[in-house]
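Everything below concerns the one structure shown next.
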Amino acid sequence: MLLMLASAAYAQMSFEVGASTISSPAYNSTALASYPPQSLTGGLYPSISGDFMLRKHIGIMGEISWRGSQGLYNGYQPYRPIFWDFNGMYLRSLTHRVSAELSAGIGAESTRFYSNFYNCNYFNGCTNYATSTHFMGQFGAGLRLYAKGGFFVRPEVHYYLVNNNVEYTSSRVFRFGGSIGYTFGEH
């Protein structure tokens, strides 16, 4: 146990904060619909992520990203999508200051639909929203550009495959943006 803790002390860990936007195919139907599904395109999505390297190039990571402000679903219903995932990660140094990052994993897309009414119960307290959650797969890529020491900037792209995403126009979602972070340990 002591050897495992000692080796973990020298392991590489990183923490990142970032911002991105979403792109998803628009509604495409020849039928006239009174309330067509909403497209996920647009909006500012802050994110928080962290990773831990288990071996030299292999690690695990977790990430959460949410829409920074509420959107209006079909012009009347306030909503906010949240994406969270756990991934396996491959990190490879290209030069002393540049590393390529690939990730793949599973998570969920949770959408909160807000109302003016509160739903109260004894266990959860009161909320003014209902949540719709869908399982998803995640594939991502980024490029860590180290500026000084462990500080880096990471342009990134994520591709989500959301199962049964009936609230939105497509089950395919792209999120692209950037993060800043810090790596503890060798990079």
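Structure values in brief
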| quantity | calculated |
| --- | --- |
| Residue count for segment 129-158, restricted to those that are over 17 Å from residue 19 (Cα atoms) and surrounded by 14 or more Cβ atoms within 10 Å (Cβ to Cβ) | 9 |
| Residue 64 vs. criteria part of a strand (DSSP E or B), closer than 19 Å to residue 182 by Cα and without any contact (Cβ under 8 Å) to a residue 24 or more places away in the chain | yes |
| Residue check, residue 63 modelled with pLDDT of 95 or more, within 24 Å of residue 172 (Cβ to Cβ) and more than 11 Å from the chain's Cα centre (by Cα) | no |
| Qualifying positions in segment 171-180 - surrounded by fewer than 19 Cβ atoms within 10 Å (Cβ to Cβ) and either closer than 17 Å to residue 85 by Cβ or modelled with pLDDT under 95 (or both) | 171, 172, 174, 176 |
| Test result for residue 87, more than 13 Å from the chain's Cα centre (by Cα) and either assigned to a strand (DSSP E or B) or hydroxyl-bearing (Ser, Thr, Tyr) (or both) | no |
| Test: residue in segment 160-167 that is within 19 Å of residue 50 (Cα to Cα) and assigned to a strand (DSSP E or B) | yes |
| Of the criteria (1) surrounded by 14 or more Cβ atoms within 10 Å (Cβ to Cβ); (2) farther than 30 Å from residue 97 by Cβ; (3) modelled with pLDDT under 95; (4) in contact with a strand residue (DSSP E or B) (Cβ under 7 Å, 6 or more places away or on another chain), which one residue 126 fails | (1) |
| Single match in 40, 44 (criterion: touching a Pro at 6+ places or on another chain (Cβ under 8 Å) and over 17 Å from residue 12 (Cα atoms)) | 40 |
| Members of segment 9-39 that are at pLDDT 85 or above and under 20 Å from the mean Cα position of the chain (by Cα) | 13, 14, 15, 16, 17, 18, 19, 20, 21, 22, 23, 24 |
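The values are calculated or read from the model by the stated rules, or taken from the named source; none is laboratory data. Not measured: the values here are computed from a predicted model. Cβ: placed from backbone, ideal geometry, glycine included. Neighbour counts: every protein chain shown.
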